[in-house]
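The block underneath contains the structure these notes are about, expressed in structure tokens.
Nothing in this text is a laboratory measurement; each read-out follows from the coordinates by a stated rule. Predicted model, so just to flag it, every value in this text is computed and none were measured. Note that each Cβ is placed from the backbone with ideal geometry, even for glycine, and that neighbours are counted across all protein chains shown.
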Amino acid sequence: AAWTNLPAQLELAPLEKNGTDKARATYRVTLPADAPLGLGGLRVATGHGVSNLRLLLVDDLPTVLENGKNKSRDSAQAIELPVAVEGACEAESFDYFQFEVAAGQQLSFEVFAARLGSSLDPVIRLLDDQGRELAYSDDEDGLNSDSRLRYRFAAAGKYVLEIRDIRYAGSAAHSYRIRNGDFPLV
């Protein structure tokens, strides 16, 4: 059996022998188009007990994957806003994303990592085209160790968002989702 607090339909995924192993099962989670945005939880019960709570994020932004080649400001991955980026930090490494803005444009950047059960303790920096730091965020109040910021750009041009683990740790378990665009930070 499965449980979620999201307004979702849960059903065993149509995989061969799915649901016959008492230790595991794969469920399909289907949300209605008008599902509220935000975090939700999911648990699966098998013959061996109940799973730990898995956190899911319902988001309305299009998603791109980090390309793995964005390890310097010069090789920053180009993204078109608004967009969410999914990736993972490697040990002793940084990920960079480049985007263009108009003069006076105000944008939000929000990292979901700890709130989704990731090992990542993210820090983000907003840089201008010369690499100068314009804004920085680490451990925002009420978000556990996740980071976010909102910034108004005085000049049009290309800018870069940098993300890394505050301890310079990294692995596939150091995953993140960065929401980028003009939205309120509540």
For the stretch 22-96 versus the stretch 99-120, the gap between their alpha-carbon centres in whole angstrom: 14
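Based only on the alpha carbon positions, what is the Kirkwood hydrodynamic radius of the stretch 60-142, in angstrom? Mind dumping the intermediate values first?
Working: mean 1/r = 0.0711 Å⁻¹.
For the stretch 60-142, inverting the mean 1/r across all distinct Cα pairs yields 14.1 Å.
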From the C-alpha gyration tensor of the chain, square roots of 5λ in Å: 34, 18, 15
Pairs of alpha carbons in the stretch 1-52 whose separation is greater than 12 Å (percent): 65
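When you count, for each residue, the other Cβ atoms within 10 Å and take the mean per peptide, how do 173-180, 155-162, 128-135, 71-78 rank with the highest first? It would help to have the intermediate numbers written out before the result.
Working: 173-180: 20.2, 155-162: 16.5, 128-135: 11.1, 71-78: 14.6.
Descending packing order for the listed peptides: 173-180, 155-162, 71-78, 128-135.
Net charge near Phe99: determine it from the other residues with C-beta under 11 Å of the C-beta of Phe99, scoring Lys and Arg +1 and Asp and Glu -1. Intermediate results must be reported in sequence, preceding the final value.
Details: positive: Lys158; negative: Glu80, Glu100.
Computed value for this residue: -1.
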For the stretch 131-186, diffusion coefficient by Stokes-Einstein and Kirkwood Rh (Cα), 25 °C, 0.890 mPa s, µm²/s: 182
Electrostatic dipole magnitude of the chain [Cβ: Lys, Arg +1; Asp, Glu -1; Cα centre; debye, to 20]: 480
